[in-house]
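Notes follow the structure.
Since every read-out is calculated from the coordinates, none of them should be taken as a lab result. In this text, all values refer to a predicted model and were calculated from it rather than measured experimentally. Using ideal geometry, Cβ is built from the backbone for each residue, glycine included, and neighbour counts are taken over all protein chains shown.
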Amino acid sequence: MPTALITGITGQDGSYLTEHLLSLGYAVHGVVRRTSTLERSRLRHLYGDPQIYGRSLILHYADLEDPTSLRRILVKVAPDEVYHLAGQSHVGLSFEIAESTVDSVAMGTLRLLEIIRDLPKPPRFFHAASSEIFGRPAQVPQDEATPMVPVNPYGAAKAFAAGLVRIYREKHGLFLVNGILYNHESPRRGENFVTRKICRAAAAISQGRQEFLQLGDTSAQRDWGDARDYVRGMWLALQHPQPEDFIFATGVLHTVQDVVEAAFSVAGLDWQKYVRRDERLLRSQEPFALVGNAAKAERLLGWRPGKDLQALVRWMVEAEL
Amino acid sequence: MSSKKALITGITGQDGSYLAELLLGKGYEVHGLIRRASTFNTSRLDAIYTDPHFPKHQLFLHYGDLADASNLSRLVGKIQPDEVYNLAAQSHVRVSFDAPEYTADVTATGTVRLLEAIRETGIRPRFYQASSSEMFGLVQEVPQKETTPFYPRSPYGCAKVYSHWITVNYRESYGLHASNGILFNHESPRRGETFVTRKITRAAAHIKLGLQDKLFMGNLDSKRDWGYAKEYVEAMWLMLQQPEGDDYVVATNETHTIRECLDVAFGQVGLDWHKHVEIDPRYYRPAEVDLLIGDYSKAKAKLGWEPKTKFKALIGLMTDADVKLIQEQLAGKVRRQD
C-alpha cells in the first residue's frame, strides 16, 4: 500500500485529496495544527469511521513552524509521496498578518525541503503553488515559463517557495513538483473566500437567515475550477516519470459578478435586491488577468478540468440549502 | 465617559469567550485577536452574536497571531487598550510533547512579543497573563500557593513558567501593571473536546443517546483541582482592578480523580462507566504531574474571589450541556459550520 503524507489535510484540497488517495488504496497521514475547537469538519465523515480513522487515515499534531516535529513525523511515516498544501492562504489577510503568512508559506516549505533532503529515501513532493505568484503577469494566459511577479505578501511567499522547490529539484536531484493552481472552489471552500461567501449568502438569504450581502469590486476576474479536478491533478503530477512544474487552470475567466448572478439565480432570487457594495472589502492591489494555460498538464498528464461555472456554483449553493 | 477598551488574545477559546461576555456585560469595548483558519473557529462566540443581551456592536475581532510581532504591535497601537488579557497559547499538555517548538514559540515567546508590542507603543494598559498550575508539575508543596517554587513537567509547563517570569519582569523593570493568574484546571461546557473532563462528559452523553459504546482513557488515578471557567474569568478581571499588579492562585482547594469524574458524569445520565471505559496506555503522559491542588486564600483575601461551583455540580452541568447539545444536533437545530 503506498503511503502519502498531506500537510493542510483539514483544508478544502486536503480533504478531497484524502478521499481521492484513500479510493486509490493509499494509507494517508495528515499533519494537523492544534486548535482548542475540534474543527475538522471537512474530514468528519472519514474521522468518524473506525474502518478508516486510525487504519488508513492517521493524523499527527505538528506545525510548519515546528521543524523537529515535522522531521520526526516524516522519518516515522516514511511516505512515498508528500503533498504540501498547508499555509496561510488568504490573500487579503496576508497584508494584515504578513510575517506569519511568510513564515508558514515560504519558510514552512523550506523546512520540509531541508528535511526531505536528509531522508534515506526521499519521497516525491508536491508543492501547491498558486496563480498569485504571477500577480501582474507579462502574458495572458500564463504558462509554466511565465515570470513570477507577485503583488501581495501571499503571492510573494508562494513565489519564494516555488523558487526553492525548483532549486532543490535541480541542485539535489529530488522529485519535487510545483503545481501552479488557479482558483478552485467547492462547498468546502473557506467561508471568507468570495465564491463561498456569495453562495452561502444566496442560500442564507433565500432561507431568511440573512438580509443582504456586502461585496467589494464585483468586476474582478478569476479563473475558477472545481477543487476535485485539481486534487486529481496533484496526484497525476506525482505519477509522471519526471518531476516538472504544471499549471492547473480552466483557461476561462469569469467575473465575481458572474458568480453573484449564477448563485442568486440558483437560489431563485434577484441579486440586485440583496447585493451591496462595500468599499472596505476592496483589495489593496487587485491582480491582473490571472488565467492559466494548462496545455502541458493535458498533454503530459491527460488532465482535463470541468469548465462549467454554472454547474460549480449550483453545487456550492445547493450544499448550503 | 467613553467605555474602557480590552484586548483579549485567545478570545475564541473557553476562557476568552467567557471573559468577552463578562467584559461586554460591564460596558467594555472588547477587541479579540483571532488566528486565521480555513474553517470557522469562532463557535464559542456564538452566544454573543445570538443573545440580544450582549452588545455585539462593542465586539471587534482582528486577525493576528502571537507568532507575528509586527501585527501585534500595529493592533496594540491602533486599539489603545486599557486592559490586555493574554489567554492565547498552544494549551494542550499532551500535544506540547508532540510539537514542543511551536508550543514554546506561541506560549512563551508570544507573551514577550505582546509585552514588547505594549512597551513599543508607549501606552500603559494593565496586563493579565494566564499562568497555569502546570507550572508546579512535580509539586514542591501541597497545596500550592503563589510562593511555591515551580517545577514544570511538560513543554507547555516550561513555556508557561517563562511567560510568568517575563510578566513579573516587565512589572518590576518597567512598572507595568501586570498580573499573573495561576489558574488551576477550569472547565465548562465550552472546554476543548480533547481535554479529559469534556471528553468524559461528551462520551457519557453520546453513550446515553446510543451514539457510542466505548470510551478509551489513560490514567484514572490522576488527580486535579477542577473549577468552573465562568467564575475564573471574574478573577482575571478583578486582578486588573487592583491598585497594583500581583500574582494570584485561582483554584478550588479540592482535588478529585478522573475516576470520580467518570462516576459523576455517567451517574448523571444513569449509566455505569465500568461497562464502557477501557484503558489505553497511549493516553498516558510521558511525565505525569503530582498532586495539584491550589490554595486560593490570597485571591479570597485581596480580590474577594472564591469558587462557587464545585466539582460535582460542575461535571453535572457539563454532562447536561453535552446531552442537550447532542440532542439539538440530532434534531438539526444546530447547523453544521465549516
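From the phi angles alone, apply the Karplus equation (6.51, -1.76, 1.60; θ = phi - 60°) to the range B:79-90 and give each ³J(HN,Hα) in whole Hz, x where the residue is Gly or Pro.
Coupling constants for the range B:79-90: 7, 6, x, 7, 9, 10, 10, 9, 9, 6, 4, 7 Hz.
Quick check: pseudo-label points 7 Å beyond the Cα along Cα→Cβ at A:GLU244 and B:TYR284, how many nm apart are they?
Placing both labels 7 Å along Cα→Cβ, they lie 5.4 nm apart.
Using each residue's phi in the range B:5-13, evaluate 6.51 cos²θ - 1.76 cosθ + 1.60 at θ = phi - 60° and report the 3J(HN,Hα) Karplus result to the nearest Hz, with x for Gly and Pro.
Rounded to whole hertz, the list is 10, 10, 10, 10, 8, x, 5, 7, x.
From the phi angles alone, apply the Karplus equation (6.51, -1.76, 1.60; θ = phi - 60°) to the range A:206-214 and give each ³J(HN,Hα) in whole Hz, x where the residue is Gly or Pro.
5, 9, x, 8, 8, 9, 8, 10, 9
Could you please rank A:ASP226, A:ASP258, B:ASP322, placing first whichever residue has the fewest other Cβ atoms within 10 Å of its Cβ?
A:ASP258, A:ASP226, B:ASP322
For a quick check, take a GNM of chain B with Cα springs below 10 Å and name the residue from B:LEU183, B:LEU240, B:LEU209 with the largest mean-square fluctuation.
With Cα springs under 10 Å in chain B, the top fluctuation among B:LEU183, B:LEU240, B:LEU209 is at B:LEU209.
Can you list the residues, at least 5 places off or on another chain, whose amide H is less than 5 Å from the amide H of B:VAL250, using H built in the peptide plane?
B:ILE182, B:LEU183, B:PHE184
State the antiparallel share, in %, of DSSP beta bridges confined to chain B, rounding to the nearest 5.
5 percent
Charges on Cβ only, +1 for Lys and Arg, -1 for Asp and Glu, centred on the Cα centroid of chain A; of A:GLY163, A:VAL291, A:ALA62, which one is farthest towards the dipole's positive end?
Looking along the dipole axis, the top candidate is A:ALA62.
Check each of the chymotrypsin sites (Phe, Trp or Tyr not before Pro) in the range A:130-227 and keep only those in coil by DSSP with at most 11 other C-beta atoms within 10 angstrom; list them in order.
A:PHE212
Can you tell me, using C-alpha contacts under 8 Å and at least 6 residues apart, the relative contact order of the range B:1-96 as a whole percent?
Averaging sequence separation for qualifying contacts and normalising by length gives 38 percent for the range B:1-96.
If I build a Gaussian network model for chain B, linking alpha-carbon pairs within less than 10 angstrom, which residue out of B:ASN253, B:ASN71, B:ASN180 has the largest mean-square fluctuation?
B:ASN71
Which cross-chain or sequence-distant (5 or more) residues have an amide H under 5 Å from the amide H of A:LEU181, H modelled 1.01 Å from N in plane?
A:ALA129, A:SER130, A:SER131, A:PHE248
Please list the non-local residues whose amide H lies under 5 Å from the amide H of B:GLY32, H modeled 1.01 Å from N, same-chain partners needing a gap of 5 or more.
B:ILE8, B:PHE60, B:LEU61, B:HIS62
Step through the table entries B:LYS56/B:LYS230; B:LYS145/B:LYS300; B:LYS4/B:LYS145; B:LYS145/B:LYS308; B:LYS5/B:LYS56; A:LYS76/B:LYS160, compare each Cα-Cα distance with 24 Å, and write down the pairs that go over it.
Violating the 24 Å Cα-Cα cut-off are B:LYS4/B:LYS145; A:LYS76/B:LYS160.
Once every DSSP H run of n ≥ 4 in chain B is given -39500 (n - 2.57) and the sum is divided by its residues, what mean residue ellipticity at 222 nm do you get, rounded to the nearest 500 deg cm²/dmol?
Calculated from helices alone, the mean residue ellipticity at 222 nm is -11500 deg cm²/dmol.
Restricting the count to DSSP beta bridges whose residues both fall in the protein assembly as shown, what percent are antiparallel, rounded to a multiple of 5?
So the antiparallel bridges in the protein assembly as shown amount to around 5 percent.
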